[in-house]
Each structure stands twice: as C-alpha cells, then as structure tokens.
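Everything below concerns the one structure shown next.
The values are calculated or read from the model by the stated rules, or taken from the named source; none is laboratory data. Nothing here was measured: the structure is a model prediction, and the numbers come from that model. For neighbour counting, all protein chains shown are included, and Cβ atoms are generated from backbone atoms with ideal geometry for every residue, glycine included. Calculation scope for accessible area: heavy atoms of the full protein, side chains included, ligands and nucleic acids excluded. Shrake-Rupley method; radii C 1.70, N 1.55, O 1.52, S 1.80 Å.
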Amino acid sequence: MEEIISIFKKSAEIKVEFAEKNAAKIERVVGVIVNALHEGGKILLFGNGGSAADAQHIAAEFVNRYLLDREPFAALALTTDTSILTSISNDINFEEIFSRQIAALWKKDDIAWGITTSGNSRNMIRAFEVSRELGLTTIGFTGKDGGTVASLVDYNFNVDADSTPRIQETHITLAHVICELVEKRMKT
C-alpha cells in the first residue's frame, strides 16, 4: 500500500512542480496553437514508443474533440502510417521517418510538435532540424536534461526527472491541459 501511494505522490509532485515552472509558457503556446489553427495551420505530432502513442492520442483529441462539441482541428500523428514509416526506414534510414513526412506535408502556419523523454533520439533531432529549416513553429516535450532537442525547438517543455514513466505521465497531462485550453480559446 505504501509503495502504491508513494508512486502516486511522486507523480503528483513532479506534475505540480512542472506546472508552477511552466504555466506562463503553457499559456503562450496555447496562443501560438490557436493562432496557427485560425490561420489554417495544422499540428504535426511525432514521437517514438510510448511517445508515439501519445502523439496519436493528442492528434485524436484535436481532430475529434476533447471536452467540447466543436469543429475538428487539423492535427496529424506522423507515427501512424506503417507503409510510410517502413519505406523510409528501409529505403533511406530510420532517422528520416519524421523529417521526410514533415518536408512532404508542411505548409505555412503549421506546428511541429515532438515528444521525447530523452531529447536525443536521432529521428526526433532530424525532424526538428528540418522543421527549423522550413520555418515551422516547433514544440518539444522532453525529459531528463532536455537533450539535443531542447536547443532545437521554439518552445521546450522539459520534465526535469529521470524516471521515464513520470516524464510520460507529465507529458500527457500537459497535452491534455493544452488541448483543453486550445478548445476553450477556439470557441470564443
């Protein structure tokens, strides 16, 4: 029992500390996303492993709905097309799976939003390098020390923790907060 409560408390402590440090930046990013969507932009989401699942989850919240019945918001998880992922991995290399999609799909006012607990995955780094070259607004969700990704993005949300599960829990809570606020701002 004590171990279970301890895990929940640690998760909650990390989230509260993160929110206190990042509330102003979260509000700025919500504004950036709202502006991009109003201008016809879309959100391109990507990550590896559990972060890939989070990218898909967040895209679904934007396209379908989060809490409110409303028009769909343009969002796409770059982790879902197995033919694209495997052909790029096979024909070029795994490092290019997201950057090639971004190069093919981007347009003015789009946002590249990547999720990585280490901040050092080569395919994530490459995706943000290409996004910067193309002039996209970039959002990174990172963990630990932020890795290389932290220096490549316009808005980095780093969870200063070493535990991958605690980082991921904070990432999905942050994504839900952003979804909720974007949805409310878009309705007004």
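Express the relative contact order of segment 32-95 as a whole percentage, based on alpha carbon pairs under 8 Å and six or more residues apart in sequence.
Values: 62 pairs, mean separation 20.6, N = 64.
Dividing the mean separation by the residue count of segment 32-95 yields 32 percent.
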- Item | Theoretical gain in end-to-end length, Leu105 to Arg122 [0.36 nm per residue, Cα-Cα removed] | 4.1 nm
- Task: Calculate the spin-label point distance for Lys25 paired with Lys187, positioning each point 7 Å from the Cα along the beta-carbon direction, and give it in nanometres.
- Result: 2.8 nm
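Provide the gained length on full extension for the span Asn90 to His176, in nm with one decimal, where the gain is 0.36 nm per separating residue minus the Cα-Cα distance.
Values: separation 86, 0.36 × 86 = 30.96 nm, distance 3.43 nm.
Difference between extended and current length: 27.5 nm.
Determine, from the Cβ-Cβ distance of Thr80 and Asp160 and an R0 of 30 Å, the FRET efficiency 1/(1 + (r/R0)^6), rounded to the nearest 0.05. Don't skip to the end; give the middle numbers.
On the way: r = 30 Å, r/R0 = 1.00.
It comes out at approximately 0.50.
Pairs of alpha-carbon atoms within less than 8 angstrom and 6+ residues apart define the contacts here; what relative contact order does the chain have, in percent? Each step should come with its number before you reach the end.
Working: 310 pairs, mean separation 42.5, N = 188.
Here the relative contact order equals 23 percent.
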- Item | Surface share of carbon and sulfur [accessible, 1.4 angstrom probe, percent] for segment 33-188 | 49 percent
- Message: Just checking my list [x] 36, 20, 13; [y] 25, 21, 15; [z] 61, 19, 7 against semi-axes √(5λ) of the Cα gyration tensor in Å computed from this structure; which label fits?
- Response: [y]
- Query: Averaged per residue, what accessible surface does the chain expose to a 1.4 Å probe, in Å²?
  - Reply: 49 Å²
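If you take every residue apart from Ile167 with its C-beta less than 13 Å away from the C-beta of Ile167, what net charge results, scoring Lys and Arg +1 and Asp and Glu -1?
-2
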- Task: Return the distance in nm (one decimal) between the two label points of a simple spin-label model at Glu71 and Ile5, each offset 7 Å from Cα along Cα→Cβ.
- Result: 5.0 nm
- Helix runs (DSSP H) in the chain reaching 15 Å along axis by Cα, Kyte-Doolittle at least 0.0: 2-38, 50-63
- Obtain the nm distance between the two label points defined at His57 and His38 by a simple spin-label model: each point lies 7 Å from its Cα along the Cα-to-C-beta direction. 3.0 nm
